[in-house]
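**Student:** Here it is, the structure, as structure tokens.
Read-outs: derived from the displayed coordinates by stated rules, not from any lab. Just so we're clear, the structure is a prediction, and the values are computed from it rather than from any experiment. So basically every Cβ, Gly included, is an ideal-geometry build from the backbone, and we count neighbours across all protein chains shown.
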Amino acid sequence: MYSYDYLWLIPFFPLLGAIINGFLGKKIKSEKVIGGLGTLAIAGSFAVSCFYFFQLLNDPQKVHQQVIGSWMSVGRLQVDWGFLLDPLSALMILIVSGVGSLIHLYSIGYMHGEEGFYRFFSYLNLFCFSMLMLVLGNNALVMFIGWEGVGLCSYLLIGYYFHKKSAGDAAKKAFVVNRVGDFGFLLGLFLLFWTLGSDHGVWTLNFVEIAANAHLLGAGSAVVTIVTLCFFIGATGKSAQIPLYTWLPDAMEGPTPVSALIHAATMVTAGVYMIGRMNVLFFMAPSTMMVVAIVGAATALFAATIGLAQNDIKRVLAYSTVSQLGYMFLAMGVGAFTAGIFHLMTHAFFKACLFLGSGSVIHAMHHGLHHAHSHDDPQDMRNMGGLRKKMPITYITFLVSAIAIAGIPGFSAFFSKDEILWFAFASPQGSPWLWAVGACAAGLTAFYMFRLVHMTFHGAQRTAAKARDHIHESPLVITIPLMVLGLLAVVGGYVGIPHVIGNALGHIPNYLDNFLHPVFGATQAQAHGAASTEVSLMVVSVALAVIGILLASWMYLWQPELPGKFVANFKGAYRTIHNKWYVDEIYDAMFINPTKRLGTFLWKGFDVQVIDGIVNGTGKVINAFSKGLRFTQSGFVHNYAMTMVVGMVVIVAFFLFR
Amino acid sequence: MENLAQIAMQDVNFGAIMPSLVLVCFGMALLLVTVFSPRGKTTHVAYLSILALVVTGIVSLATWTPAGSLVGNWQEGFGGSVRLDNFATFFNIVFLIAAGLTILMSDDYLKREEYPIGEYYPLILFTTAGAMWMASGTDLMTIFLGLEVLSISLYVLAGFFRRQERSNEAGLKYFLLGAFSTGFLLYGIALIYGVTGTTKVALIGEILANNPSLLTNTMTLAGMGLMSIGFLFKIAAAPFHMWTPDVYQGAPTPITAFMSAGPKAAAFAAFLRVFVIGLAGLQDQWTSLLWILAVLTMIVGNVVAIYQTNLKRMLAYSSIAHAGYALVGMVAANAIGLSGILFYMLAYTFMNLGAFAILVLAGKKGEDNLTLDGFAGFGFKRPFLGVAMSIFLLSLMGIPPTAGFTAKFYIFAGAVEAGYIWLAIIGVLNSAVSLYYYLRVMVYMYFRDPAEDYGWVKMHAGAVLSIVVAIIGVFYLGIIPGAVMEFAKLAIF
Amino acid sequence: MLDTYLPILVLISIAVAFAIGSVVFSRLIGQKKPSAVKLAPYECGMPLIGSARERVSVKFYLVAVTFIVFDIEVAFLYPWAVVFKQLGWYGAGAMGFFIFVLVIGLIYEWKKGALEWE
């Protein structure tokens, strides 16, 4: 028998850190103490997570719940503060707290000297708390608390440089777009709770009970489809999928560690996790699954095209994140839940590494440009180039991660991405079209990633001459997380070696598949196809990736004048992609401006005239009433006694004569 | 005659009054400690009285059993005139918390106001003991006795600042009107005794149930009406609320805080026991009365509070309004509503005492600084107190995730479940009105330029501790109310 | 049922009538020749100094309250003494506690100086 009594410690540590730094940070002042405290808090939950993870590995029983206390119990609504530890959440807490710890450590160096250092760490801890609640909650309401909590922290951290208008706008945009998604999530939750309760007598929000009773709804029924679609809308908001992805690239206004932690490794994957958590429901709704797969594939391709033509280093990575999230949704949509979660994990490693690497570069550029009194943009890749020599560690880790994301065999994303592509092709819900879109996106990914690597680290130095000499490698607190994440980006994939390769190498099992089997075993789609097909598809996608890399090298390394010519010849196409297909402008025209106009009308026409009239009128009446009543309070005891007597007479008369 | 001793000994069960017995013994001992201490030294008395409360708390909790609800098993004593059931224990804990927080915030306050008089603490202990008898009394006479012990100590405490006119006025007004209302209560008890021939609450219920003709008897109805007045006065329900603002404003601030929580809860306890158990047969009658009074009380409290500029007085009116909300639970008279009242009393104890603790700290000597203007910019000059005050005000408004929200939620959920939808709607509307005057305090604290530097606000350990405890309570009940609500439910059913 | 109270009602009416009657009749019949000496509260003895409606020192009330406490003690002690034997040690213990509580009050009072006039 294993005990899981201290699960609550996992979210508790970061909460404690957030409270201490939030309330006392101003007094503590010392950056070392604040940063150390914040890092220690999340490292503590990482330690506990590791302990429980390995305990769960050995434990024959794979699903554990710990209820701390009843949250509310009103009639049929019984909600607990409870945690659920199963292989899925165990993996998630490991990723969140592990990557979180590294990014906290990194932030000590990166945020050095920033105003409101304590505020940053407090928010970051609070984010980790919310995220851990999200993945650990044993019922949908606790998950929703985490869901809203990460949204709030994301808002606070995007707007961290709140004196910059663009940061404030980006924060607002992220918040509003997320609200649209949250609305869908809540709607789905209510519908599920109500239908399960009133039609089938199961009033519950508990995941385990939902999974056990989901069959009551009937596979393929309209209710299940609508519920899962609502959940999916929630997921598109949080995980930046079409059509709600526009906030994520803007969210890059936040400090880079935030981009790495929240907008690459953890929060944006919450939607994927949620679908994984609700896999039983999604399994029962094939139509929703199809929508998920198509949206995922479309997002993967669409975002990858935009990534081709961005010059801001972080924006390229942002679109890459949107595109990779698309892959995960594609996997979920074709029923390859394990593959989706697998890609979530490897993506957390290599994308965090890429973002932190870009942060290291930006940090160095900023430093150099600052010395040179230059006003060039430190995030614009056109100002970089040739940084390889200056920042060797950053370069190597970045290169390794770029190779990983491109899907070169032996590196982590190769395994996860190819598993997704294979399922997209061969699972019952898959189709060759989905595979083709995914493979194209893989080729594009390889291209834009190596465009990024070349523009940043290779070729001629384009940085202003005076600034060049001041660019140097970042300190150890920054490079250590890079090295760890770089290593993970290489080896992280070996826990999930596809069967076809595993068999060829001599019966190496797919550890991740086996580990997640208790959660996804019943719902996981089975791929049908010959091993030879799988291998040949693999070869094709790797070939596409290699072509992408070679093309990028040719255009940006060997023939640097080519991109200019290309742009000149295909002006329209380039401008469209560079401007992100004008989606923001379309949204502006379609939703935002009409809403604003409606708002203005409601404000000037309806609000001022009607509502204000009613409100002010009510206020006046109440005020007058209050004034009148006040004068009954004369202060004389005999008046009070008289009132009491009158009251007595009325009450007794009321009883006697009613 | 020979068996007199045996009978007496069998019926007397000291276990049934153990918590109050411990408290009273401590009180008497502390009186002696006070009188043998040098003049002006009171801090040790405060500590000892905290110790007394802790010991009493342990004794009280030791008697808790899941089966000991209002209608379940219990410890009975004194020929069935006292009963220590979970209902009593829950209220005992509320009283102890109220008394504890009051004592914590009092010591430095008394020194600041230059009344370092040790009797203050034993008097609070006696008040608490009286409250306990009201909560555990199952005989109308015991309840009356408890009420008197409670009231007399409170009269003294309300007029404790004897060189201050306002305090004197408060004590005297409270005494005169309190005695007046007690008269009604006694008259009601007499009439009920006349009808049923007993003062035992449970027996009254039985007799009324067995003799339906008594239910329409004039004397029964008049007795019920008169008794209700005694209790309604103590819980400050309209139209018997007139004393509240004057007394609350004049009394020393910690005592005001205590009065708004402890004695009010005690009155609710006795009110509930007598009406729900004793006069169960007349439920239709008293719910229809309380429906009207609850609405009236909420409206009067909230509406008049809008015009107050003195925070103490504003909180007095707000306490009237809160009594109205709690009455809603009594109108519902179902499991959620009744246990909701218990929950409400606990929640209200935390949030209101917390708010008063801040008034205690923020006032200058002579309580000179309790107007709204006096709080301009307070939130920036005194960030901790500002945030704490905001938390308590939000809780009083009933904003999640605070205790005030869950408490109101249970009460209104009870009303809806019992079919009093309109009552719940009126309650919620009243909460909306209350936002106005609570938020105004926050507006003054954060959106006005500070007129003063609040240099005189000294952060005393005791008061800060009481604020911290209250904050923890507010959030505990707001975020994890399930456990306490379970207790409250076990107290009723 | 109420007719059993009739004699009492008669008695009350007679008493009231007598009281009012004697006052009214003496007013009506008696001669009135007031003088300063006659209107004085005491027609003989000490001459009057000042008004009778003076505030009494609060110390009198303290003594009065003390008296009431012991008065009640006695009121309880008498019936207890009557059944002293039957109640036995239990009764003695209970009464002992009761007196102990009063003694605490007495000690308090004493220490506070309530028993000293000045």
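**Student:** Quick check on the exposure proxy: order B:C25, A:C128, A:C153 from fewest to most C-beta atoms within 10 angstrom.
**Tutor:** Least crowded to most crowded, the residues run B:C25, A:C153, A:C128.
**Student:** Just from its helices, what would the mean residue ellipticity at 222 nm be for chain A, if runs of 4 or more DSSP H residues each count -39500 (n - 2.57) and the sum is divided by every residue, rounded to the nearest 500 deg cm²/dmol?
**Tutor:** -22500 deg cm²/dmol
**Student:** Further, regarding this structure: Any idea what log10 I(q)/I(0) is at q = 0.05, 0.06, 0.10 Å⁻¹ for chain A, Debye with uniform C-alpha scatterers and no solvent?
**Tutor:** -0.26, -0.37, -0.92
**Student:** Provide, as a two-decimal number, the C-alpha radius of gyration of the protein assembly as shown over 2.2 N^0.38 Å, N being how many residues it has.
**Tutor:** It is 1.17.
**Student:** Let me ask something else about it. Which entries of B:K234/C:K112; B:K111/C:K112; A:K26/B:K458 show an alpha-carbon separation above 30 angstrom in the structure shown?
**Tutor:** Violating the 30 Å Cα-Cα cut-off are B:K234/C:K112.
**Student:** For chain C, find the longest principal axis of its Cα atoms and tell me its angle to the long axis of helix C:84-112, 0 to 90°, nearest 10.
**Tutor:** With both axes taken from Cα atoms, the answer is about 70 degrees.
**Student:** Take each of the peptides B:49-60, B:30-41, A:101-112, average the number of other beta-carbon atoms within 10 Å over its residues, and list them starting from the highest.
**Tutor:** Descending mean neighbour count gives A:101-112, B:49-60, B:30-41.
**Student:** Related question: Calculate the translational D of region A:194-294 in whole µm² s⁻¹ from Stokes-Einstein, where the hydrodynamic radius comes from the Kirkwood formula applied to all Cα pairs, the temperature is 37 °C and the viscosity 0.692 mPa s.
**Tutor:** Answer from the Stokes-Einstein relation: 222 µm²/s.
**Student:** For region B:151-215, what is one quarter of the convex hull surface built on the Cα atoms, given in nm²?
**Tutor:** 5.2
**Student:** Right, another one. Show me, bin by bin at 10 Å from 0, the whole-percent P(r) of region B:272-400 based on Cα pairs.
**Tutor:** Binned Cα distances yield the sequence 12, 36, 28, 16, 7, 1.
**Student:** Please state the relative contact order of chain B as a whole percent: Cα pairs under 8 Å, 6+ residues apart?
**Tutor:** In percent, rounded to a whole number, it is 16.
**Student:** Given that compact globular proteins tend to follow 2.2 N^0.38 Å, what is the ratio of the alpha-carbon Rg of region C:56-118 to that value?
**Tutor:** Dividing the Cα Rg of region C:56-118 by 2.2 N^0.38 Å gives 1.38.
**Student:** Could you put A:R315, B:R162 in order, starting from the residue whose Cβ has the fewest other Cβ atoms within 10 Å?
**Tutor:** Starting with the residue having the fewest Cβ neighbours, the order is B:R162, A:R315.
**Student:** Also, quick follow-up: With bins 5 Å wide starting at 0, give me the P(r) of region B:24-156 over every alpha carbon pair, in whole percents.
**Tutor:** Values per bin, smallest distances first: 2, 11, 19, 21, 18, 12, 8, 5, 3, 1.
**Student:** So for chain A, averaging the separation of alpha carbon pairs under 8 Å that are six or more residues apart and normalising by length, what relative contact order in percent results?
**Tutor:** Relative contact order, chain A: 12 percent.
**Student:** Taking the Cα atoms only, what angle lies between the long axis of helix A:31-58 and the longest principal axis of chain A, rounded to 10 degrees?
**Tutor:** Long axis of A:31-58 versus the principal axis of chain A: about 80 degrees.
**Student:** Above 14 Å lies some portion of the pair distances; for region A:254-305, what is it as a whole percent of all C-alpha pairs?
**Tutor:** For region A:254-305, the share of Cα pairs beyond 14 Å comes to 66 percent.
**Student:** Using a/c under 1.5 as the rounded threshold, could you call chain C rounded, prolate or oblate? The axes a ≥ b ≥ c are square roots of the C-alpha gyration tensor eigenvalues, and prolate needs a/b larger than b/c, oblate otherwise.
**Tutor:** The shape class here is oblate.
**Student:** Averaged across B:33-44, how many Cβ atoms of other chains sit within 10 Å of each residue's Cβ atom?
**Tutor:** If you average over the peptide's residues, the count of other-chain Cβ atoms is 1.
**Student:** Using only atoms on other chains, find how many Cβ atoms lie within 10 Å of each Cβ of peptide B:476-486 and report the average.
**Tutor:** 4
**Student:** Let me ask something else about it. Excluding residues on the same chain fewer than 8 positions from A:K596, give the lysines whose Cα lies under 22 Å from its Cα.
**Tutor:** A:K165, A:K172, A:K173, A:K604
**Student:** Follow-up. Could you order the peptides B:84-96, C:65-77 from most to least packed, using the average number of other C-beta atoms within 10 Å per residue?
**Tutor:** Per-residue Cβ counts within 10 Å, averaged per peptide and sorted highest first, yield B:84-96, C:65-77.
**Student:** So how do A:366-378, A:223-235 stack up, highest first, on mean other-Cβ count within 10 Å?
**Tutor:** Ranking the peptides A:366-378, A:223-235 by packing returns A:223-235, A:366-378.
**Student:** Can you give me the convex hull volume of the Cα atoms of region A:379-528, divided per residue and expressed in Å³?
**Tutor:** Given the Cα convex hull of region A:379-528, per-residue volume reads 145 Å³.
**Student:** By the gyration tensor of its Cα atoms, with a ≥ b ≥ c the square roots of the eigenvalues, what is the shape of region A:538-577: rounded for a/c under 1.5, prolate for a/b over b/c, or oblate?
**Tutor:** Here region A:538-577 falls in the oblate category.
**Student:** So what are region A:367-457's ellipsoid semi-axes, whole angstrom, largest first, if each one is the square root of 5 times an eigenvalue of the alpha-carbon gyration tensor?
**Tutor:** Ellipsoid half-lengths, sorted descending, are 36, 14, 8 Å.
**Student:** Once the Cα atoms of helix B:283-305 and of chain B are each reduced to a long axis, what angle between those two axes, in degrees from 0 to 90 to the nearest 10, is obtained?
**Tutor:** The answer is roughly 10 degrees.
**Student:** What average count of beta carbons from other chains do you get within 10 Å of the Cβ of residues in B:241-248?
**Tutor:** The shielding value for this peptide is 4.
**Student:** Then there is this: Could you list A:H263, A:H517 in order of exposure, starting from the residue whose Cβ has the fewest other Cβ atoms within 10 Å?
**Tutor:** Taking fewest neighbouring Cβ atoms as first place, the list is A:H517, A:H263.
**Student:** Sticking with this one: Calculate the radius of gyration of the Cα atoms of region B:2-491 to one decimal place, then report Dmax, the largest Cα-Cα distance, as a whole number, both in Å.
**Tutor:** Rg then Dmax for region B:2-491, in Å: 21.5, 80.
**Student:** Next up: Using only Cα atoms, what Kirkwood radius does region B:246-345 have, in angstroms?
**Tutor:** Roughly 14.2 Å, rounded to one decimal.
**Student:** Does region B:304-350 classify as rounded, prolate or oblate by the C-alpha gyration tensor (a ≥ b ≥ c root eigenvalues; a/c under 1.5 gives rounded; else a/b over b/c gives prolate, otherwise oblate)?
**Tutor:** Oblate.
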